[in-house]
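K.L.:
Have a look at this one before I ask anything.
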Amino acid sequence: MRLYDLDVSGNCHKIRLMLGLLSLDYTLHSLQREDTVSESFRAINPRGQVPVLEDAGEIVWDSMAILVYLARRYAGPQWLPEEPLALARVMQWLAVSENEILYGLARARAVVKMGRPFNLEECQQMGRQALTVMEAQLAGRDWLASEGHPTIADVACYPYVALAPEGDLPLGAYPAIRAWLGRVQRLPGYVGMAGIADY
Ligand SMILES: N[C@@H](CCC(=O)N[C@@H](CS)C(=O)NCC(=O)O)C(=O)O
């Protein structure tokens, strides 16, 4: 397996984390941001984005799609349930990861850390909405989508929540989220990332 990767990318970290949690071997193909616009990379992913996973000659792009692929191909149903309601619970949090977390937390970080041209206050406001929803969900339960064990919903939401302080969104007011971050960090096979504190 080969992962096309950008080291500062939280989306790529979702996949590095999942591969670690599943103890899967892979080769890291590190890119620079400018590489993603090259013709050769566009031939791999027409969207020009990382992460991209290559497995057994097949290409899968988009972090959410890759998480689904890894869970179904290499893990039991605990990471991506088959029962309809349990699956829907996971999908709900994947939707949060691709909306409030992406447009709020990830973009606030992109403004502060990389000088990207988004409106910081709007991003931070949406980021706080994500944190409020997650704090309420995690008060009194250990994992986002399942009572007893993590799923790919936790993996999808983890990096940009853990990196929120880099977007000037401190996590001090969110004790349930901080406890959840600590639980993720204590999972066997956990891998960290620059910018993520210990919880
Ligand atoms: N929804 C996509 C978003 C991927 C994405 O935005 N990747 C960024 C890095 S975090 C990227 O490749 N940016 C390069 C570009 O857009 O030119 C996913 O989850 O994979």
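K.L.:
Could you sort Phe118, Phe41 by their accessible area in this structure, using a 1.4 Å probe and putting the largest first?
P.N.:
Highest to lowest solvent-accessible surface, that is Phe118, Phe41.
K.L.:
Tell me the net charge near Thr132. Cut-off is 15 Å between Cβ atoms, Thr132 excluded, with +1 for each Lys or Arg and -1 for each Asp or Glu.
P.N.:
0
K.L.:
If you don't mind, there's one more thing I want to ask. Using a probe of 1.4 angstrom, how much of the accessible area of the stretch 1-87 is carbon and sulfur, in percent?
P.N.:
50
K.L.:
Sticking with this structure for a sec: Between Met1 and Arg141, what is the spin-label point distance in nm, taking each point 7 Å from the Cα along the Cα→C-beta axis?
P.N.:
Label-label distance for Met1 and Arg141, simple model: 2.7 nm.
K.L.:
Could you tell me which of rounded, prolate or oblate describes the chain, using a ≥ b ≥ c as the square roots of the eigenvalues of the alpha-carbon gyration tensor, with rounded for a/c under 1.5 and, failing that, prolate when a/b is larger than b/c and oblate otherwise?
P.N.:
oblate
K.L.:
Additional query: Would you check the accessible area of Ser23, probe 1.4 Å, heavy atoms only, in square angstrom rounded to 10?
P.N.:
Approximately 100 Å² of Ser23 is accessible to the 1.4 Å probe.
K.L.:
Right, here's the next one. Which residue fluctuates most in the GNM of the chain (Cα springs below 10 Å): Arg73, Arg186, Arg178?
P.N.:
Highest fluctuation among the options: Arg73.
K.L.:
Taking only complete DSSP H runs, can you tell me which helices of the chain stretch 20 Å or more along their own long axis by Cα positions and average at least -0.5 on the Kyte-Doolittle scale?
P.N.:
84-98, 120-138
K.L.:
Now a separate question. Given 0.36 nm per residue, what is the gain on full extension from Ala95 to Ser38 after removing their alpha carbon distance, in nm?
P.N.:
The Ala95-Ser38 span can extend by a further 17.6 nm.
K.L.:
Using the charge dipole of the chain (Lys, Arg: +1 at Cβ; Asp, Glu: -1 at Cβ; taken about the Cα centre), state which of Ala179, Leu24, Val111 has its Cα farthest towards the positive end.
P.N.:
Farthest towards the positive end: Ala179.
K.L.:
Scan the stretch 6-70 for trypsin sites (Lys or Arg not before Pro) in coil per DSSP, keeping those whose Cβ has at most 16 other Cβ atoms within 10 Å, and list them by number.
P.N.:
Values: sites: Lys14, Arg16, Arg33, Arg42, Arg47; in loops: Arg47.
Passing sites in the stretch 6-70 are Arg47.
K.L.:
Could you pull out every residue, at least 5 positions away or on a different chain, whose amide H is within less than 5 Å of the one on His29? Hs are placed 1.01 Å off N in the peptide plane, and Pro or chain starts have none.
P.N.:
Correct list: Leu3, Tyr4, Asp5.
K.L.:
Further question on the same structure: Stretched out fully, how many nm does the piece from Gln185 to Glu121 gain, at 0.36 nm a residue minus the Cα gap?
P.N.:
20.1 nm
K.L.:
Keeping every protein chain present and rolling a 1.4 Å probe, give me the accessible area per residue for the chain in Å².
P.N.:
Solvent-accessible surface per residue comes out at 47 Å².
K.L.:
What number comes out for the charge environment of Lys14, summing +1 per Lys or Arg and -1 per Asp or Glu over other residues with Cβ under 12 Å away?
P.N.:
-3
K.L.:
So, counting K/R as plus one and D/E as minus one, what does the shell of residues with Cβ under 15 Å around Glu83 add up to?
P.N.:
Details: positive: Arg72, Arg89; negative: Glu82, Glu147.
Every neighbour counted, the sum reads 0.
K.L.:
Using just the helices of the chain, give the 222 nm mean residue ellipticity in deg cm²/dmol: DSSP H runs with n ≥ 4 each add -39,500 (n - 2.57), and the total is spread over all residues, rounded to 500.
P.N.:
-14500 deg cm²/dmol
The values are calculated or read from the model by the stated rules, or taken from the named source; none is laboratory data. What you are looking at is a predicted structure, and each value in this text was computed from that prediction instead of being measured. Note: ideal-geometry Cβ built from the backbone for every residue, glycine included; neighbour counts use all protein chains shown. Surface areas here come from the heavy atoms of the whole protein model, side chains and all, with no ligands, DNA or RNA. Shrake-Rupley method; radii C 1.70, N 1.55, O 1.52, S 1.80 Å.
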